[in-house]
Amino acid sequence: MVVLTIKGTVTSGYGEGRLFLNLQWVKDRLREVSGFIPYPGTLNLLVKDEESSRALNLLQEHSGIPIEPPPGYLPGKIFKAKLGSLDCVVVIPIIDRDPDVLELVSGVNLRETLGLRDGDHLKVKVYLE
């Protein structure tokens, strides 16, 4: 197993992750892979340093764990991850999106649980299986 460390800065998103995470088939797939019921929102990290950007590109190119949608929805992939001691997953939707943003999902509201604000710096360990 390969472990990537990605550094990023907490940033606000557009609220689209919440819509995605409220879909039952998404919740079921994330629970199946991660073992937790996902909190309905993502924590977004803006990735700017060169090493972390290379790691993020590897995730985008890697097959990951697929999220196969019903007709009418776009697919995605996920990777198991850890933010400190908290289990989480990285969600990569297969859509035209900002390539410098890493989206994290956990069973808890990561902002509240960790007392995070926009501009805070974090390291995430992402596991390639």
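No lab work stands behind these numbers, since they all come straight from the coordinates. Since the structure is predicted, the reported quantities are computational estimates derived from the model, not experimental observations. Cβ coordinates were reconstructed from backbone atoms using ideal geometry, including for glycine residues, and neighbour counts include every protein chain displayed.
See the values below:
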read-out: Segment 1-60: C-alpha gyration tensor shape, a/c 1.5 cut-off, then a/b vs b/c; value: oblate
read-out: Cβ charges +1 (Lys, Arg) and -1 (Asp, Glu), total dipole of the chain, debye; value: 300
read-out: 20 Å cut-off, amide nitrogen to a point 7 angstrom out along W25 Cα→Cβ, residues in segment 77-96; value: 77-79, 91-96
read-out: Cleavage-rule hits, trypsin sites (Lys or Arg not before Pro), segment 83-126, DSSP coil, Cβ neighbours within 10 Å at most 14; value: R97, R117
read-out: Stretchable slack from T9 to R54, in nm (0.36 nm times residue separation minus alpha-carbon distance); value: 14.6 nm
read-out: Sites matching trypsin sites (Lys or Arg not before Pro) across segment 1-77 that sit in DSSP coil, with at most 14 neighbouring C-beta atoms within 10 Å; value: K48
read-out: Binned Cα-Cα distances of segment 2-128, short to long, each 10 Å bin given as a whole percent; value: 13, 50, 34, 3
read-out: Highest-fluctuation residue, G107, G119, G64 considered, GNM on the chain with Cα pairs under 10 Å; value: G119
read-out: Spacing of the two label points (7 Å from each Cα toward its C-beta) at I37 and L128, in nm; value: 3.5
